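Report on the structure given below.
The values are calculated or read from the model by the stated rules, or taken from the named source; none is laboratory data. Just so it is clear, the structure is predicted and the values come from calculations on it, not from any experiment. Cβ coordinates were reconstructed from backbone atoms using ideal geometry, including for glycine residues, and neighbour counts include every protein chain displayed.
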Amino acid sequence: MVFTKIFKLIRNHFFNKIFYSIFPSFCSICGVFLEDFQQEICTACRHQLDVAKPRDFLASNTSSLFFTNKQVVGIHVLFRFEKFGVIQKLIHNFKYYENKKLSLLLGKWHAQQLLQCKILDDVDFLVIVPMHPRKKKQRGYNQVETYAEVLSVETGIFYQKNFFKKIKTSKTQSRQSKKDRFENVKNTLQLNYSEPLQGKHIVILDDVITTGATLLSCLDLLKTIPDIKVTLVSIAMVYDDFL
């Protein structure tokens, strides 16, 4: 019996070595070859990931924009975003290369943190910041949708699709100033949900919070709904303005 288990372990290890030599995987951050025991991110890059600490991101300049809104009851981010840092490289890979394995890995990490801090205890459902259909067609996917699906499976919270609708295209915001970003998202969204929302607690998910302009536009659509509670969740957030 023991011999059989040892044989299976050796056999699996042997076939894994062959598989990864034929179909190698590379780190989503630095591009180095990954060993068969590594997933999407090499050990060296994992040690460089700036995992967000609640006391830090809640005290950041960006978070302060949201807590002036009475609907917002919580914010949670996985990583601290810094320009030209490893997190920026990670997000770029996640956002533009449809890396579903990376979405799965990050989603599982994020779900574990969210469940541990109990920020989702009374949440009714999860929604995402929308992408315009034309942009989604051009890119072929919406990276936040994939992430939301992973979080939904891992946390057990229902993912309500198409809650918000992008009704007007906006320019890519990555190279815009803070002022331009706020102007860029004005009147581009609408609420696309007909069920009663009074007293509900929802999570709005985005990939990166920089100026907060897009999430503030989402919150603006909910401002007339009595007793609604909103928790904002993002993979990464800029703590202080770098634009």
Across the range 197-225, the tally of residues that are part of a loop (DSSP other than H, G, I, E, B) and either of a type in the set (A, V, I, L, M, F, W, C) or modelled with pLDDT of 95 or more (or both) stands at 7
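Yes/no per residue for (1) in contact (Cβ under 8 Å) with a residue 40 or more places away in the chain; (2) over 15 Å from the mean Cα position of the chain (by Cα); (3) crowded, with 19+ Cβ neighbours inside 10 Å; (4) assigned by TED's automatic domain parsing to the domain that holds Leu189:
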{"residue": "His76", "(1), (2), (3), (4)": "yes, no, yes, yes"}
{"residue": "Phe84", "(1), (2), (3), (4)": "no, yes, no, yes"}
{"residue": "Ala111", "(1), (2), (3), (4)": "yes, no, yes, yes"}
{"residue": "Leu120", "(1), (2), (3), (4)": "yes, yes, yes, yes"}
{"residue": "Lys135", "(1), (2), (3), (4)": "no, yes, no, yes"}
{"residue": "Gly156", "(1), (2), (3), (4)": "no, yes, no, yes"}
{"residue": "Lys161", "(1), (2), (3), (4)": "no, yes, no, yes"}
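State yes or no: is Asp207 surrounded by fewer than 21 Cβ atoms within 10 Å (Cβ to Cβ), without any contact (Cβ under 8 Å) to a residue 12 or more places away in the chain and touching a strand residue (DSSP E or B) at 6+ places or on another chain (Cβ under 9 Å)? Step through it out loud before you land on a result.
Values: surrounded by fewer than 21 Cβ atoms within 10 Å (Cβ to Cβ): yes; without any contact (Cβ under 8 Å) to a residue 12 or more places away in the chain: no; touching a strand residue (DSSP E or B) at 6+ places or on another chain (Cβ under 9 Å): yes.
Taking the combined requirement at face value, the residue does not satisfy it.
Taking the condition buried (at least 20 other Cβ atoms within 10 Å of the Cβ), in the same structural domain as Leu205 (by TED's automatic domain parsing), small (Gly, Ala, Ser) and in contact (Cβ under 8 Å) with a residue 40 or more places away in the chain, does Gly140 pass? Working first, answer last.
Values: buried (at least 20 other Cβ atoms within 10 Å of the Cβ): no; in the same structural domain as Leu205 (by TED's automatic domain parsing): yes; small (Gly, Ala, Ser): yes; in contact (Cβ under 8 Å) with a residue 40 or more places away in the chain: yes.
No, not satisfied.
Report the residue count in the range 39-55 for those that are in a helix (DSSP H, G or I), exposed (fewer than 14 other Cβ atoms within 10 Å of the Cβ) and either among the hydroxyl-bearing types (Ser, Thr, Tyr) or not assigned by TED's automatic domain parsing to the domain that holds Ser25 (or both). If you could, list the steps in order and put the result at the bottom.
The initial filter retains those residues of the range 39-55 that are in a helix (DSSP H, G or I), namely 43-46, 54-55.
If we keep only those that are exposed (fewer than 14 other Cβ atoms within 10 Å of the Cβ) as well, we get 43-44, 55.
From what's left, either among the hydroxyl-bearing types (Ser, Thr, Tyr) or not assigned by TED's automatic domain parsing to the domain that holds Ser25 (or both): 43, 55.
Result for the range 39-55: 2.
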### Query
So is Phe79 aromatic (Phe, Trp, Tyr) and closer than 21 Å to Lys100 by Cα or not?
yes
Would the range 129-140 turn up any residue that is out of contact with any Asp or Glu (no Cβ under 6 Å at 6 or more places or on another chain) and either closer than 24 Å to Ala52 by Cα or at pLDDT 95 or above (or both)? no
Of the candidates Leu115, Leu65, the one satisfying the condition of being part of a helix (DSSP H, G or I), more than 25 Å from Ala213 (Cβ to Cβ) and either free of Cβ contacts under 8 Å to residues at least 12 places away in the same chain or among the hydrophobic types (A, V, I, L, M, F, W, C) (or both) is Leu115
Quiz item: Does Ser25 satisfy being among the polar types (S, T, N, Q), in the same structural domain as Leu106 (by TED's automatic domain parsing) and either over 16 Å from the mean Cα position of the chain (by Cα) or within 30 Å of Thr224 (Cβ to Cβ) (or both)?
Solution: no
Filtering the range 68-98 for residues that are in a strand (DSSP E or B) and either in contact with a Gly (Cβ under 6 Å, 6 or more places away or on another chain) or charged (D, E, K, R) (or both) leaves a count of 1
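Working only within the range 211-243, note down all residues that are closer than 27 Å to Ser103 by Cα, surrounded by fewer than 21 Cβ atoms within 10 Å (Cβ to Cβ) and of a type in the set (Ser, Thr, Tyr).
From the range 211-243, those closer than 27 Å to Ser103 by Cα are 211-219, 229-243; that's our starting set.
Within this subset, residues satisfying the condition of being surrounded by fewer than 21 Cβ atoms within 10 Å (Cβ to Cβ) are 216-217, 219, 229, 239-243.
Answer for the range 211-243, where residues must be closer than 27 Å to Ser103 by Cα, surrounded by fewer than 21 Cβ atoms within 10 Å (Cβ to Cβ) and of a type in the set (Ser, Thr, Tyr): Ser217, Tyr239.
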Taking the range 140-169 and keeping only residues that are among the polar types (S, T, N, Q) and under 21 Å from Asp122 (Cβ atoms), one is left with Ser152, Thr155, Gln160
